[in-house]
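The values are calculated or read from the model by the stated rules, or taken from the named source; none is laboratory data. Since this is a predicted model, take the numbers as computed values, not measurements. When we count neighbours, we look across all protein chains shown, and the Cβ atoms used for this are built from the backbone with ideal geometry, even at glycine. These area figures cover heavy atoms from the full protein model, side chains too; ligands, DNA and RNA do not enter into them. Shrake-Rupley method; radii C 1.70, N 1.55, O 1.52, S 1.80 Å.
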Amino acid sequence: MKLTIERRKLHLKHPFLIARRMDDRSTDKQVLLVKLEHKGKVGWGEAAPISYYHQSLDSAERALKEMAGMLGDDPFALDAILDPIWAKFADQSAAICALDGALHDLIGKLLDVPVWKLLGLDRNRTPLTSFTIGIDTPDVVARKVDEAAEFPILKIKVGTDQDETMLNIIRDKAPHKKLFVDANCGWTPANVVERCRFVSRYKLELIEQPMPPGEHAGLAEVRAELREPIIADESCVGVDDVLKCAQHFDGINIKLSKCGGLRRALQMIHTARSAGMKVMLGCMVETSVGIALAANLAPLVDFVDLDGHMLLADDPFEGIGGANGVLTLNDRPGLGIVERK
Ligand code: MG
């Protein structure tokens, strides 16, 4: 198998501000696209390295270059390929996700089967995806909500002193839409009960990551009092975190760049289900390649936040839809995506 790696420059439609990164108004974004070739077929994968977990384009690219020499010649031998790679690059989950994605796309194409079908999933169970409204000035937020009119579920970034303004604008313009809120670690044990109570007045479907990983004080009170499930994101990186989170949260948000691909995500889903937890699928800002890998698992989960490709002005791939919140698991083999001409 031959693996090639390419840096791809992308552009966001809007700057994307969240509570733990309020100074980044850039609309440039770079990812790594990887191409895995075998017997005339090409599998695509994507790495969107996460700086919060100390990954960068450079670290991911270095890891992928080394991985290229460790692949052997049987794409179906997933354990034989991925176990040594996990042993060597455990801190490079985004790079492993790219390889895992390319392997699944390639396997699907070699068998002429879509990945969701290979997994035995029912595509009619794919939940609608939310569309994320980042933190911004009131007039920009209002404009973003107008632009997102087609989406039945909005995800709102909270965790700053603008929460009330943001939520008022959104509920004023979209009184009946389903709302997810994500505090991205923005609250503290001192204010978490009060903040969760406050945001809950806006009628929510869930509250994501109220406080930084390791902080749990107040969450038991919040869970006892409020109806909304409390979902771990930054607190739940990989398989090992799922059962630890079961004590403090109602569910987990799995992102494939964070956990290292579809294979690990499946383990996390089954572990979470065995602990009676809700499961959400999330994403980074990434192209349809990365989003498609997660979308192929979506029939297994309760909440879907797979809008990364729709935040881009120049997604180089297409095939998984997303308009009106409807992700499409199509009949194309592999991940179901094609390069835009
Ligand atoms: Mg989150």
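Looking at the range 43-62 only, could you name the residues that are aliphatic (A, V, I, L, M) and more than 18 Å from residue 262 (Cβ to Cβ)?
Across the range 43-62, the qualifying residue is only 57.
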Residue match in the range 251-272 (condition: over 14 Å from the mean Cα position of the chain (by Cα), within 14 Å of the ligand (Cβ to nearest atom) and either buried (at least 21 other Cβ atoms within 10 Å of the Cβ) or assigned by TED's automatic domain parsing to the domain that holds residue 306 (or both))
yes
Every listed condition ((1) within 22 Å of residue 154 (Cα to Cα); (2) within 14 Å of the chain's Cα centre (by Cα)) holds for residue 312 save (2)
Would a scan of the range 237-245 turn up a residue that is buried (at least 21 other Cβ atoms within 10 Å of the Cβ), among the small types (Gly, Ala, Ser) and within 16 Å of the ligand (Cβ to nearest atom)?
no
Quick check: is even one residue across the range 151-158 assigned to a loop (DSSP other than H, G, I, E, B), closer than 23 Å to residue 280 by Cβ, in contact with a helix residue (DSSP H, G or I) (Cβ under 7 Å, 6 or more places away or on another chain) and at pLDDT 95 or above?
yes
Every residue in the range 331-341 that is surrounded by 15 or more Cβ atoms within 10 Å (Cβ to Cβ), part of a loop (DSSP other than H, G, I, E, B) and not hydrophobic (A, V, I, L, M, F, W, C), please.
332, 333, 336
Please enumerate the residues belonging to the range 188-222 that are open to solvent by less than 10 Å² (accessible area, probe 1.4 Å) and over 14 Å from residue 167 (Cβ atoms).
192, 206, 208, 209, 210, 211, 219, 222
Among 284, 280, 310, which is the only one that is surrounded by fewer than 24 Cβ atoms within 10 Å (Cβ to Cβ) and not in a helix (DSSP H, G or I)?
284
Please go through the range 231-258 and give me each residue that is part of a strand (DSSP E or B) and in contact with a helix residue (DSSP H, G or I) (Cβ under 6 Å, 6 or more places away or on another chain), ordered by number.
232, 252, 254
